[in-house]
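The values are calculated or read from the model by the stated rules, or taken from the named source; none is laboratory data. Everything quoted here is computed from the prediction, not taken from an experiment. All Cβ positions, even for glycine, are placed from backbone atoms using ideal geometry, and neighbour counts span all protein chains on display. Accessible surface is based on the protein model in full, side chains and every heavy atom, while ligands, DNA and RNA are left aside. Shrake-Rupley method; radii C 1.70, N 1.55, O 1.52, S 1.80 Å.
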Amino acid sequence: MCGNGVRCFARFIAEVENLQGTHSFKIHTGAGLIIPEIQDDGKVKVDMGEPILYGPDVPTKLPSTKNEAVVKAELAIDGLAWHVTCVSMGNPHCITFGSKELKVLHVDDLKLSDIGPKFEHHEMFPARTNTEFVEVLSRSHLKMRVWERGAGATLACGTGACAVVVAAVLEGRAERKCVVDLPGGPLEIEWREDNNHVYMTGPAEAVFYGSVVH
């Protein structure tokens with residue numbers, strides 16, 4: 001499952017079929033049914049489904065701290081006790097807003113290439129994990145950087161942005177509707193209370209066209 005990929009795929013279908021105005025699609029993925037909607041302003045809104053919070057299903061070996069969820073659990077890395085919340089959006093995410101020693105993160109100061117792999121390959125994550133480092137700008141505005149499992153530091157991660165807002169709500173740091181700043185640009189994320197679904201809205205634009213020559 002790739003949230004940004006789904007947005008781009010929906011935009012591609014709209015261009016290929018020359019669709020105008022608002023349209024929605026049903027896309028079957030390894031993480032289940034995902035429903036993107038092309039909006040009038042050209043942005044794509046995606047119903048990313050319900051977050052998975054039960055630790056073993058994320059999966060993580062960290063013990064649950066809030067009902068059956070892993071919220072603000074301690075994870076020891078390099079002598080620091082990081083506070084982490086674990087969420088799956090069809091793929092595993094470990095979200096941190098800081099540690100015991102580092103109360104407030106300034107994400108631009110982090111050396112992701114140093115710290116990211118230590119989260120990704122930690123024994124508490126049997127399938128490895130994506131890791132989001134988050135700075136709270138306000139209760140409706142978050143800033144994140146991501147270390148993706150198998151890929152390293154990337155400019156954006158749609159499922160990661162969704163997981164970040166879920167984690168921020170669970171930790172009492174943010175409202176259910178936020179703008180999340182990523183190095184590649186902002187995304188609008190909403191975790192709706194009425195149906196427990198997470199919605200991601202953002203742009204998708206054609207960058208180039210090409211053909212494969214055999």
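Of all residues in the range 96-146, which are assigned to a strand (DSSP E or B) and of a type in the set (A, V, I, L, M)? Correct list: 134, 136, 137, 142, 144, 146. Residues in the range 111-156 that are in contact (Cβ under 8 Å) with a residue 24 or more places away in the chain, buried (at least 16 other Cβ atoms within 10 Å of the Cβ) and acidic (Asp, Glu): 120, 132, 135. Are any of the residues in the range 39-48 surrounded by fewer than 19 Cβ atoms within 10 Å (Cβ to Cβ), closer than 21 Å to residue 187 by Cα, over 17 Å from the mean Cα position of the chain (by Cα) and not charged (D, E, K, R)? Looking for residues that are surrounded by fewer than 19 Cβ atoms within 10 Å (Cβ to Cβ), closer than 21 Å to residue 187 by Cα, over 17 Å from the mean Cα position of the chain (by Cα) and not charged (D, E, K, R), one finds at least one in the range 39-48, hence yes. Of the numbered criteria (1) under 17 Å from residue 50 (Cα atoms); (2) aliphatic (A, V, I, L, M); (3) open to solvent by 10 Å² or more (accessible area, probe 1.4 Å); (4) in a strand (DSSP E or B), the one residue 200 fails is (3).
Any residue at all in the range 91-101 that's hydrophobic (A, V, I, L, M, F, W, C) and over 15 Å from residue 167 (Cα atoms)?
no
Which residue is nearest to residue 187 (Cα to Cα), if the candidates are limited to the range 49-73 and must be basic (Lys, Arg) and modelled with pLDDT of 95 or more? Per the stated criteria, the residue is 72. List, please: which pairs have Cβ atoms under 6 Å, are six or more places apart or on different chains, and start with a residue in the range 66-90 that is on the phi > 0 side of the Ramachandran plot and end with one that is at pLDDT 95 or above and assigned to a loop (DSSP other than H, G, I, E, B)? As it stands, the answer is 72/171, since those pairs meet every condition given.
Out of 180, 134, one residue alone is modelled with pLDDT of 95 or more, of a type in the set (A, V, I, L, M) and within 29 Å of residue 14 (Cβ to Cβ). It is 180. Note on the range 1-21: residues that are assigned to a loop (DSSP other than H, G, I, E, B), of a type outside the set (D, E, K, R) and farther than 24 Å from residue 180 by Cα amount to 4.
Table: residues versus (1) in contact with a helix residue (DSSP H, G or I) (Cβ under 8 Å, 6 or more places away or on another chain); (2) hydrophobic (A, V, I, L, M, F, W, C).
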site	(1), (2)
144	yes, yes
154	no, no
169	no, yes
181	no, no
189	yes, yes
196	no, no
208	no, yes
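Residues of the range 62-91 that are open to solvent by 60 Å² or more (accessible area, probe 1.4 Å) and within 20 Å of the chain's Cα centre (by Cα): 72 alone.
Considered as a group, the residues in the range 157-197 that are in a strand (DSSP E or B) and in contact with an Asp or Glu (Cβ under 7 Å, 6 or more places away or on another chain) include one that is surrounded by the fewest Cβ atoms within 10 Å (Cβ to Cβ), and that residue is 177.
Of the listed requirements (1) open to solvent by less than 60 Å² (accessible area, probe 1.4 Å); (2) of a type outside the set (Lys, Arg); (3) more than 22 Å from residue 160 (Cβ to Cβ); (4) free of Cβ contacts under 8 Å to residues at least 40 places away in the same chain, residue 27 misses just one: (3).
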